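K.L.:
Mind having a look at this structure? Questions to follow.
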Amino acid sequence: MAARDQVSQVFHALSDPTRRHILERLADGPLPAGQLARAYRMSPAAVSKHLKVLEDAGLIRQERHSQWRPRWLDAAPLEPAAAWFDAYRRFWDRSFDSLAAHLGETAAWQPPAVPDTTGSDDSEMPEEGDRQ
Amino acid sequence: MTSDCDPVDARSIRMERVFAASAQDLWSALTDPARVALWYGGDGFANPHCEMDVRVGGIWSHVMRTPDGTEHSLRFRFTRVEPPHILAWQDAADSSGPLNLVRLEETPGGTLLRFEALFPSSGDREAAEEFGFAFILEQGFARMAGVLGEPENVR
């Protein structure tokens with residue numbers, strides 16, 4: 001449950017272009033809120049709200065001990081979200097494999113395989129459809 | 001920083017496949033329930049039920065059985081139907097779930113299939129409108145939790 005809620009929060013946090021931009025900037029290193037806010041044509045309070053959403057999602061943290069209290073990116077919460085996407089991608093990857101097989105195509109999207117010169121005699125291989 | 005996930009692209013999936021089949025044949029394989037049941041989910045998956053009302057607003061009702069024998073009821077709504085080039089659908093009950101879009105493009109050797117799944121948001125107005133999902137912009141992410149983390153329970 002908690003993991004699912006966090007994935008949901010992460011997607012919500014990522015749903016806003018300003019918040020995504022803030023994350024991109026923090027990916028290069030920690031920044032204090034004031035410096036983050038200067039890049040945007042919005043009030044410091046509005047930027048604070050965005051930072052709060054990112055903080056709630058666990059995507060950014062604040063260094064409390066340093067005098068300039070920089071925010072820094074914590075990418076860990078992105079992992080469950082990425083895992084969900086990865087599962088979805090694999091689902092469709094498998095499905096498209098089967099779709100290709102259904103259409104009588106074997107791995108049409110892949111570069112041609114290097115011929116096997118070691119001579120494996122796989123007698124189970126189905127006949128190619130090479131009717132004249 | 002260690003991240004294998006680009007924050008900007010974290011909400012969308014894009015895949016491309018080239019098939020030797022014609023766009024018309026691919027379209028049929030994607031929209032004829034009898035054929036969809038043969039490939040949906042991939043190896044080891046079975047699809048004991050598949051019904052499709054292939055028109056904008058039409059329902060795709062589906063039961064998928066995973067390799068471990070668990071059955072999952074899926075219910076999608078088609079949002080774009082432009083044969084044989086564009087097919088889009090989304091979970092019928094959860095408008096904050098991913099928007100799925102398939103585009104088919106004829107190429108010299110066959111057909112290029114481009115698949116895209118995108119989580120909608122207010123920041124994606126253009127993309128969402130392109131999908132034909134302007135209405136979902138009114139919806140929040142409240143119901144997304146029902147999909148995320150538990151894709152097998154999508155109804």
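K.L.:
Which FRET efficiency value, to the nearest 0.05, is calculated for residue B:114 and residue A:76 with the Förster distance at 35 angstrom and r the Cβ-Cβ distance?
P.N.:
Efficiency, from the Cβ-Cβ distance: 0.65.
K.L.:
Here's something else I'd like to know. Among A:27-33, B:66-72, A:52-58, what's the highest-first ranking by average C-beta atoms within 10 angstrom per residue?
P.N.:
For the peptides A:27-33, B:66-72, A:52-58, the packing ranking is A:52-58, A:27-33, B:66-72.
K.L.:
How would you classify segment A:2-75 from its alpha-carbon gyration tensor, with a ≥ b ≥ c the square roots of the eigenvalues: rounded for a/c under 1.5, else prolate if a/b is greater than b/c, otherwise oblate?
P.N.:
It comes out oblate by the Cα gyration axes.
K.L.:
Further question on the same structure: Between residue B:86 and residue B:43, what FRET efficiency follows from the Cβ-Cβ distance if R0 is 22 Å, with the result rounded to 0.05?
P.N.:
So the FRET efficiency works out to roughly 0.20.
K.L.:
For residue A:68 and residue A:27 in one chain, what is 0.36 nm times their gap in residues minus the Cα-Cα distance, to one decimal in nm?
P.N.:
That works out to 13.0 nm of additional length.
K.L.:
Taking R0 as 30 Å, what FRET efficiency do you get between residue A:101 and residue B:71 from their Cβ-Cβ distance, rounded to the nearest 0.05?
P.N.:
0.85
Every number in this text was worked out from the coordinates using simple rules, so none of it is lab data. Worth saying up front: this structure is predicted, and the values here are computed from it rather than measured. We place every Cβ from the backbone using ideal geometry, glycine too, and count neighbours over all the protein chains shown.
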